Amino acid sequence: MSESVEDLGETLRTAGVVDTHYHVGPELIVRRYDVKALADVAAPFGATLVLKNHTYPTTPLAALARRRFDANFFGGVVLNRFVGGLNPQAIEGAVSGNRAKVDDPADDPSPIVVWMPTVHAKSHIDTHGFGFDPNWSGCCSHGASGPGPEDVSQPSPEEPVIAFNEDDGTPVPELLATLEAIVRHGCILATGHLHANEVRRLVPLALDMGVKRVIITHPHYPSILLSDEDQRKLTRRPEVFVEHCFAIHTQDGVPLEQFAQAIRTTGPEQVLLSTDFGQVTSDPFPDGTIRYAAALRGLLGESLSDADFLAMFCDNGRRALSLTD
């Protein structure tokens with residue numbers, strides 16, 4: 001696949017990009033897009049996007065976009081303290097907002113992603129010393145026009161969301177109740193910003209409890225650091241996918257070669273290549289996706305077929321979201 005950038009963009013558009021991790025505002029920090037502005041650029045590209053927000057469920061925004069803006073958007077909820085942490089009722093709330101037809105009481109079969117805690121994960125706070133990263137908001141480039149870290153209201157660092165007991169590694173009761181709710185509603189579990197030690201416990205636990213799909217969220221993020229070998233072992237189960245996000249390179253400085261090496265270790269069959277974009281300083285859609293594909297294709301070279309490479313941006317996401325069942 002030695003295409004020009006323009007041809008690569010057309011190839012991705014034709015194949016049908018699926019980005020399982022795209023941020024939308026409004027939020028406590030500024031974002032590039034609200035749901036209408038994002039639909040205006042994603043719908044013409046034929047993309048499928050899973051909308052993420054650290055503070056509230058995105059299912060109503062995604063349902064609105066599907067109904068009114070002709071956008072193939074899906075939503076979810078991140079189990080930070082803003083929704084009560086590991087709270088089964090937060091999942092109930094996200095499910096209730098998933099209907100594109102507000103006058104129809106029937107369940108909407110559109111997939112819902114439930115992320116484990118992100119900014120309020122214990123590992124995230126221990127690693128960074130704060131919840132929201134000011135780099136996400138673009139404050140450093142916007143100066144007084146954007147919020148600085150002192151302007152972001154959040155619970156104190158002493159209040160992380162705990163998923164596993166530190167003394168013996170057992171799951172807290174709230175985690176078990178949350179996983180039961182995920183199973184009950186057929187949601188997809190994403191691992192959020194939990195540490196590698198927690199991810200290694202969570203994934204088999206969730207599968208044994210009946211969760212149908214698991215997405216390992218950007219394993220190279222500083223508060224996670226899940227090894228390539230662990231990724232390989234966890235993705236032995238066909239229900240488990242690993243998501244490599246471009247923002248972990250562009251914002252957090254992780255070399256793309258680490259992504260390429262992880263793909264070589266796990267194989268491409270259960271890899272999702274998403275952007276984690278939506279920051280005001282990130283590329284607009286679909287430019288970020290195209291730039292990501294061009295850079296990673298150069299690193300992977302001929303080690304993958306064109307079909308396998310495209311699948312990581314497209315078909316694998318459809319399988320992860322159960323859109324092909």
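The values are calculated or read from the model by the stated rules, or taken from the named source; none is laboratory data. All values reported here derive from a predicted model rather than from experimental measurement. Please note: Cβ atoms are built from the backbone with ideal geometry, for glycine as well, and neighbour counts cover all protein chains shown.
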Test: His220 is buried (at least 20 other Cβ atoms within 10 Å of the Cβ), under 24 Å from His23 (Cα atoms) and in contact with a His (Cβ under 6 Å, 6 or more places away or on another chain): no
Scope segment 1-33; condition over 29 Å from Thr324 (Cβ atoms) and in contact (Cβ under 8 Å) with a residue 60 or more places away in the chain; matching residues: Gly25, Leu28, Ile29, Val30, Arg31, Arg32
In segment 48-67, the residues that are touching a residue at least 40 places away in the same chain (Cβ under 8 Å) and part of a helix (DSSP H, G or I): Thr59, Ala62, Ala63, Arg66
Ile182 vs. criteria in contact with a helix residue (DSSP H, G or I) (Cβ under 7 Å, 6 or more places away or on another chain), assigned to a loop (DSSP other than H, G, I, E, B) and either buried (at least 18 other Cβ atoms within 10 Å of the Cβ) or at pLDDT below 95 (or both): no
Residue pairs meeting the criteria (Cβ under 6 Å; at least 6 apart or on separate chains; first touching a residue at least 12 places away in the same chain (Cβ under 8 Å) and assigned to a loop (DSSP other than H, G, I, E, B), in segment 228-248; second among the aromatic types (Phe, Trp, Tyr) and surrounded by 18 or more Cβ atoms within 10 Å (Cβ to Cβ)): Phe246/Tyr292
Any hit, segment 15-29, residues being under 19 Å from the mean Cα position of the chain (by Cα) and of a type in the set (Asp, Glu): yes
First in segment 191-202 and surrounded by fewer than 24 Cβ atoms within 10 Å (Cβ to Cβ), second anywhere and of a type outside the set (Asp, Glu) and part of a helix (DSSP H, G or I), Cβ under 7 Å, 6 or more apart: His195/Ser123
Selection from segment 196-218 of residues that are part of a loop (DSSP other than H, G, I, E, B) and under 16 Å from Asn80 (Cβ atoms): Thr217
Filter pass, Leu321 being crowded, with 21+ Cβ neighbours inside 10 Å, farther than 24 Å from Val24 by Cβ and out of contact with any Asp or Glu (no Cβ under 8 Å at 6 or more places or on another chain): no
Hey, Asp70 assigned to a strand (DSSP E or B) and either under 24 Å from Ile248 (Cα atoms) or without any contact (Cβ under 8 Å) to a residue 60 or more places away in the chain (or both) or not: no
Matching residues, segment 20-46, being touching a helix residue (DSSP H, G or I) at 6+ places or on another chain (Cβ under 8 Å) and acidic (Asp, Glu): none
Matching residues in segment 1-45 - criterion: being in a loop (DSSP other than H, G, I, E, B), at pLDDT 95 or above and under 28 Å from Ser303 (Cβ atoms): Gly16, Val17, Phe45
Tally of residues being β-branched (Val, Ile, Thr) and within 13 Å of Lys122 (Cβ to Cβ) across segment 170-198: 1
Failed item, numbered, when Gly301 is tested on (1) over 25 Å from Ser4 (Cβ atoms); (2) out of contact with any Cys (no Cβ under 9 Å at 6 or more places or on another chain): (1)
Leu49 crowded, with 17+ Cβ neighbours inside 10 Å, more than 27 Å from Pro160 (Cα to Cα) and touching a helix residue (DSSP H, G or I) at 6+ places or on another chain (Cβ under 6 Å): yes
Selected residue [under 20 Å from the mean Cα position of the chain (by Cα), modelled with pLDDT of 95 or more and assigned to a loop (DSSP other than H, G, I, E, B)] from Gly85, Gly75: Gly85
